[in-house]
Amino acid sequence: MKKILINECVLRFPAISRNESLSRSAAAAFVLQLDPTVEETAAIKTAVSEAVTNAIVHGYRNTKGTVEMIMRLYEGNLVQIIIKDKGCGIPDVKAAMEPEFSTAPPEEERSGLGFTVMESFMDKVRVRSAEGKGTAVVLEKTLIGK
Amino acid sequence: MLKIYNDGKRITAALYGDIDHHAAREFRTALDDVIARSRPELLVLDMENVGFMDSSGVGLILGRMRAVNDVGGEILIKNARGEIAEMIRLSGLSSLIVTKTTN
Ligand SMILES: Nc1ncnc2c1ncn2[C@@H]1O[C@H](COP(=O)(O)OP(=O)(O)OP(=O)(O)O)[C@@H](O)[C@H]1O
Ligand SMILES: [Mg+2]
């Protein structure tokens, strides 16, 4: 079935940690047009925060870079959010998405749960990645609203 | 932001605001400082005033759990609701959540 695009918003920001809260607030603002429930907003914010944090801490490994976030609303209350970085990429996406898989050193205190959280809070999570080129995470959720 | 309620070897740390990667560093430093100074038997993390938490919060809790265990103490979490409780459940830390207050 072809998706009919109703609204779209693109956000571009430097890969610095203070933009984690900015990105999830922007996503919450974007879905407001659907009159979402508190739970739906929280789910979107959490998934976005995970993907954006990954772009900053893994993709760019805290070096300079730009994160792009594309928010789309399709007919039928389908929300799609794409988070892209041009960082190091993921060599094995399937392995990376396994619970408790993390390449972060212990002192960074990451638990390898980001993808698990995204999958649990969204309907669909797709990841495209190429080593040395970057990563795009596609998050989708159909909102029921209030 | 963090508020500490000290009752001898039992300490309650009330966390305020969002717990994400950006904020985790500050919470971590403050909590480790309390743990090192007070060597608590019990550290209760009060999540009442936490509006948001992602997996960085799970890392924060796990790291503090280790730090408290290292000084022979235990950690518990109270007032975790909604998505924050869900996050804790997803990470397999449900056993740390108290429903009744312990102090
Ligand atoms: N944008 C990205 N660029 C490069 N590598 C990534 C990216 N996103 C994820 N990864 C890789 O996938 C692994 C798993 O990611 P996930 O978010 O599930 O866990 P984590 O970030 O390591 O820990 P947590 O999210 O629990 O703090 C990461 O450790 C990293 O190796
Ligand atoms: Mg992550």
**Q.** Amide H contacts of B:ILE75 (H built 1.01 Å from N, under 5 Å, at least 5 apart or other chain)
**A.** B:LEU43
Q: For the range B:1-91, state which GluC sites (Glu not before Pro) are in a DSSP loop and have at most 14 other beta carbons lying within 10 Å of their beta carbon.
A: B:GLU41
Q. The range A:1-41: which residues show an accessible-area loss of 30 Å² or more, assembly versus chain alone, 1.4 Å probe?
A. A:SER17, A:GLU20, A:ARG24
Q) Between the helical axis of A:38-54 and the dominant principal axis of chain A, each derived from Cα atoms, what acute angle in degrees is found, rounded to the nearest 10? A) 30 degrees
(Q) Take A:GLU107 and A:LYS94, extend 7 Å from each Cα along the Cα→Cβ direction, and tell me the distance between the two endpoints in nm. (A) 3.5 nm
Q: Roll a 1.4 Å probe over the protein chains and send me the accessible area per residue for the range A:1-83 in Å².
A: 46 Å²
Q: Please give the contour-minus-distance gain from B:VAL98 to B:ILE4: 0.36 nm per residue of separation, less the Cα-Cα distance, rounded to one decimal in nm.
A: 32.0 nm
Q.
Could you tell me how many cubic angstrom of Cα convex hull volume the range A:1-112 has per residue?
A. 130 Å³
Q: State the extension gain, in nm to one decimal, for the chain segment bounded by A:THR63 and A:LEU5, taking 0.36 nm per residue of separation less the distance between their alpha-carbons.
A: 17.4 nm
Q | With DNA, RNA and ligands ignored, accessible area of B:MET1 (1.4 Å probe; Å², nearest 10) | A | 120 Å²
Q. A:ASP123 to A:SER25: FRET efficiency via 1/(1 + (r/R0)^6), r the Cβ-Cβ distance, R0 22 Å, to the nearest 0.05?
A. 0.50
**Q.** 222 nm mean residue ellipticity, helices alone, for chain A (DSSP H n ≥ 4; -39,500 (n - 2.57); rounded to 500)
**A.** -8500 deg cm²/dmol
(Q) Need the per-residue list for the range B:3-24: every residue with at least 10 Å² less accessible surface in the complex of protein chains than in the chain by itself, probe 1.4 Å, sorted by number. (A) B:ASP18, B:ASP20, B:HIS21, B:HIS22
Q.
Skipping prolines and chain starts, which residues have an amide H placed within reach, meaning under 5 Å, of the one on B:ASP54, given they are 5 or more residues away or on another chain?
A. B:ILE19
Q.
List the residues, sorted by chain then number, that are 5 or more residues from A:ILE6 or on another chain and whose placed amide H is less than 5 Å from its amide H.
A. A:LEU73, A:TYR74, A:GLU75
**Q.** Choice from A:THR135, A:THR53, A:THR103 showing the highest fluctuation, given a GNM over chain A with Cα pairs closer than 10 Å
**A.** A:THR103
Q.
Charges on Cβ only, +1 for Lys and Arg, -1 for Asp and Glu, centred on the Cα centroid of the range B:2-98; of B:GLY63, B:GLY17, B:GLY51, which one is farthest towards the dipole's positive end?
A. B:GLY63
Q. Taking Cα atoms, how many degrees apart are the long axis of helix A:19-31 and the longest axis of chain A, rounded to 10 and kept between 0 and 90?
A. 20 degrees
Q. Taking chain B as a Gaussian network, Cα atoms linked when under 10 Å apart, which of B:LEU90, B:LEU15, B:LEU62 shows the biggest mean-square fluctuation?
A. B:LEU90
Q. Of the residues B:ARG64, B:ARG89, B:ARG28, which exhibits the maximal mean-square fluctuation in a Gaussian network model of chain B defined by a 10 Å Cα contact cut-off?
A. B:ARG89
Q: Kindly provide the helix-only [θ] at 222 nm of chain B, computed as the sum of -39,500 (n - 2.57) over DSSP H runs of four or more divided by all residues, to the nearest 500 deg cm²/dmol?
A: -13500 deg cm²/dmol
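The values are calculated or read from the model by the stated rules, or taken from the named source; none is laboratory data. Note that the structure is predicted; figures quoted are calculated from it, not measured. Ideal geometry is used to build each Cβ from the backbone, glycine not excepted, and the neighbour counts take in all protein chains shown. Protein only, heavy atoms only, side chains kept; ligands, DNA and RNA dropped before computing areas. Shrake-Rupley method; radii C 1.70, N 1.55, O 1.52, S 1.80 Å.
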